[in-house]
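All remarks here apply to the structure that follows.
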Amino acid sequence: MKNIFKYLWLLLPLVVVMACVEEYSLDGAPPTEADANFTFTPTAESDNILRFTADGDFFMMNWDLGNGQTGEGKTITGTYPLAGTYTVSLTVFNSGGSATFTRDIVIEQTDPLLLDRPIFNLLTGGVDAVEGKTWKIDAGRAGHFGVGPNIPTSNFPEWYQAVANEKAGSGMYTDRYTFFLDGFRFVMETNGLVYLNSAQGSNFPGAFDPGVGDLSAPYEAPDNLRWSLVEPEGQLPELSVTQGGFLGYFAGGRTYQIVRLEENEMFLRFVDQANTDLAWYIRLIPEGFEPDPEPEPEPEPVNPDVSFTQSDLVGNGRKVWVLKPAAGAFGVGPSRGSDSFFPNGDDISGDRPCLFNDLFIFNSNGTYEYNAQGDVYGEAYLGIPDGCQPEEDLIGTAAEAWASGSHQFSFTPGTPTEFPKITVTGTGAFIALPKAFNGGEYSAAPPRANESVTYEVIAYDEATEEMTISIDITNDGSVFWNFTLIPAADQSVGQEALTVADLTGGGERAWKLKPAAGAFGVGPRPGSDEFFPNGNDISGERDCLFNDLFIFKSNGEYSYDPQGDIFAESYMGTGSEGCQPASNLVGTAGEAWGAGTHEFSFTPASDGANAKISVTGTGAFIALPKAYNGGEYSAGPPRTNETVTYDVLNYNSSTQELTIAIDITDSGAVWWTFVLVPDND
C-alpha cells in the first residue's frame, strides 16, 4: 500500500490544528502527569495522519507534536509523512499548576504522497532539488516591497510600493533564502547586512541608518533553521521560519502569508509586530531567474491622441456613467492603465457588485452627482466594516461626505501634450474610489472640505463610448489608480425628477435650509460655495437664517415665515447686520422682504433641462432676499410683483433633500446655491 521513501531523514513540520476547549477544570489542586495523558488514532486518510485526544478537560492544554509544531485544545491532528520516532507531549494547566505527559510515537512507514504537494514543490524545487531552491528580493521591478492596511480584504500594498532598486545598500537585495524539502531546512545567507523596521533596531546591535529609510544591521543567521507551512481553511497559506531567520525585511515576525506562489515568483504578506495596523509585502524571485525587464517609462505624450469632449461627457445634458463590469476596469498599478498591483487582471465586479452599480452623473449645468444606489463597498478608511453594506451605514460617521451627493465638475480639453481632464469639486467629491486624490490616499475620514480631484482621460472609444480615466496618487508617476467607465444602459437610472407633489407634499409643505456645510453658498458654478463660505458650515452662526420656513401649497400659494427673526444685511435697511427681530424690517425699504404670502409656479424637468421653481410677488424669494435672476439688490425696496426663478439641481427622494440654484449674472459666472429639507418640527 505504501512505498518506503528513500529519504528517511526528511521531517515534515506540518500540522492541521482542530482544537476545541470544552468544559475545563479550575480545581485548586495541581494536575498530575496522569491527568495529562492522551490517546491517538490514525485517520482514514492515512496511517501517518494521527488524531490526538486528551483524556481530561483543562483550562489550557498545550501540545508539542514532536515535528516542530505546537497547538492548543483537547484535540489536534498531526501529519507525519516520514517513518521515524516522534516525541509528543501534552501540558495541561489549572489554577494549581501544570503537568506534562510525554509519549514516543513510532511511524512505521513513509508516505511519500504526503510530501508531493504543489505548494512544497514550488517553494523548494521538490524532492529532486537536493540543493534546495534559493530566492531573492525582486529588486529590479517596482512593487517588490511595500506596505498597506492590515485588513482582511487587502492583499496588496495600497499605501506605498518601492520603485526598482530603491533600497540598494540596505542589505535587502544581497540576502538569499534557500528552502529544502530535505529536512525542511531553511538557510538564510545575509552576506553581512539585513534590512529591518526601525522599531526593531534595539534587537540588532550595530543597527544604522542606511540612507534609504528604516535601518540596516550586521547579522549572521544561525544554522539549523527550519521552515514550515500550513494551509488554514479559507485563508492564505502561512509560511513560517524558525527563530533567528526571516525574509527580506524584519518587522518583528517570522510568519508570512503567501499571497501568490508561482514557479518564478513569490509574493508574501506579513504583519508589523510593532504596529499591527500595518501589513508589509515583499516579492521574491528565484536566484538566477531574470524577469522580463520593466518597460521604460513612457515619455510625456507628444500627442495623447485622445479625442474626448465635454459633449461626450455630458451627452444631451445629463449622462450617467458606471464602472465597466470587466477585468481591468478598476485597479492600481505603476503606470496609467495598469492594474498589476491590484487586482492584477482579475475581474472583481462579481465580488463588489455594490461598487459596480455606483452612478457617476455629469450634467451640462456643471453639476456632478454621485449616486451609490443604496449600498457602498466599505473599507477601513471609511470607518465602517469591509465589504458591501447599506449606504446608510455612512450616515453619522466622519465619512458621511463620501455618500451620495451633488458636487461640481469642470472639463479641460486635451492638447497636443496633455490628456483631457475631468475635475470634480466638493467635500467628498470623487469618481469610483473615495480614498484616491491627487498625490495620495486617505487613510481615514473625513475628506478635506471643498476638495478638487482631477482625473486624466487616457482613452476613449467613440464607438462603444468606453472611457478610461487615471489618477496619480504619488505625484511622481509611480502609482496610478485607473477606472474604465461606460454609459449606463438606462440613462434615466438615478434620475429623481422633482414633482409639484414633492414640493407641496400633496397639500402644504414647509422647507428650510439644511443645517450643514454646502447648504447656503455662492460660487462660480451651480452647487459651488467656493466664494462663500467655502466648505464651512454657517448654520450655527446664522441660526436665524436656518430656521426660516419656505412654504408651498398645492393651490399655488407660497409663503415666507422668518419665525420672528431674520439675518439682516446692509441692503435690507435695518441699520445693523446679523440676527435680529423680524420686526426691525417694518417701516424700512426692505419691509417687503419680511413675512408674507406670494405665488409660485413649477416647471418639470424635460429634455435635459432642469426643473424650475418660480416665486412671484413683491419681495418674494427663497433663502436669500437679495438674489434675483441676473443680479443682486444693493438696497431696498425690491421691485413690484417680481418673479424669481430657481433651477432644481438635485432632489433625493430618500432624504428629501432639494438643491436649488440661481444665476445672478445671466452668464453662468456666479451662482447662489441652497439645499433645502422639509421642516419636520
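The values are calculated or read from the model by the stated rules, or taken from the named source; none is laboratory data. The model shown is predicted, which means the values in this text are computed figures rather than measured ones. FYI the Cβ positions are ideal-geometry reconstructions off the backbone, even for glycines, and counts take in every protein chain you see.
Miscellaneous remarks
- Qualifying residue in segment 385-393 (condition: in the same structural domain as GLY328 (by TED's automatic domain parsing), out of contact with any Cys (no Cβ under 7 Å at 6 or more places or on another chain), surrounded by 21 or more Cβ atoms within 10 Å (Cβ to Cβ) and not basic (Lys, Arg)): no
- Residue tally, condition without any contact (Cβ under 8 Å) to a residue 24 or more places away in the chain, surrounded by 19 or more Cβ atoms within 10 Å (Cβ to Cβ) and closer than 17 Å to GLU632 by Cβ, over segment 559-606: 1
- Qualifying residues in segment 193-226 (those that are outside any loop (DSSP other than H, G, I, E, B) and in contact (Cβ under 8 Å) with a residue 60 or more places away in the chain) - the one surrounded by the most Cβ atoms within 10 Å (Cβ to Cβ): GLN200
- Considered as a group, the residues in segment 314-333 that are over 18 Å from the mean Cα position of the chain (by Cα) and farther than 19 Å from GLY405 by Cβ include one that is surrounded by the fewest Cβ atoms within 10 Å (Cβ to Cβ), and that residue is ASN316.
- The lone criterion from (1) modelled with pLDDT of 95 or more; (2) of a type in the set (A, V, I, L, M, F, W, C); (3) not in a strand (DSSP E or B) left unmet by ALA274 is number (1).
- Single residue of GLY636, GLY630, GLY617 found to be under 23 Å from ALA501 (Cβ atoms) and in contact (Cβ under 8 Å) with a residue 24 or more places away in the chain: GLY617
- Being touching a helix residue (DSSP H, G or I) at 6+ places or on another chain (Cβ under 8 Å) and on the phi < 0 side of the Ramachandran plot is a property that ALA207 has.
- Residues in segment 597-626 that are closer than 16 Å to ASN555 by Cα and among the hydroxyl-bearing types (Ser, Thr, Tyr): THR597, SER601, THR603, SER614, THR616.
- Listed by position, the strands (runs of 3 or more DSSP E) inside segment 570-681 whose residues that are in contact with a Lys or Arg (Cβ under 7 Å, 6 or more places away or on another chain) and modelled with pLDDT under 95 number at least 3 are 671-678.
- Taking the criterion of being within 28 Å of LEU649 (Cβ to Cβ), out of contact with any helix residue (DSSP H, G or I) (no Cβ under 8 Å at 6 or more places or on another chain) and not in a strand (DSSP E or B), the residues of segment 460-499 that qualify are ALA488, ALA489, ASP490, GLN491, SER492, VAL493, GLY494, GLN495, GLU496, ALA497, LEU498, THR499.
- Scanning segment 154-180 for residues that are assigned to a strand (DSSP E or B) and either free of Cβ contacts under 8 Å to residues at least 12 places away in the same chain or farther than 30 Å from ASN224 by Cβ (or both) yields TYR160, GLN161.
- Test: residue in segment 88-103 that is surrounded by 16 or more Cβ atoms within 10 Å (Cβ to Cβ), outside any strand (DSSP E or B) and not assigned by TED's automatic domain parsing to the domain that holds GLY183: no
- The number of residues in segment 409-451 that are under 23 Å from the mean Cα position of the chain (by Cα) and either polar (S, T, N, Q) or part of a helix (DSSP H, G or I) (or both) comes to 6.
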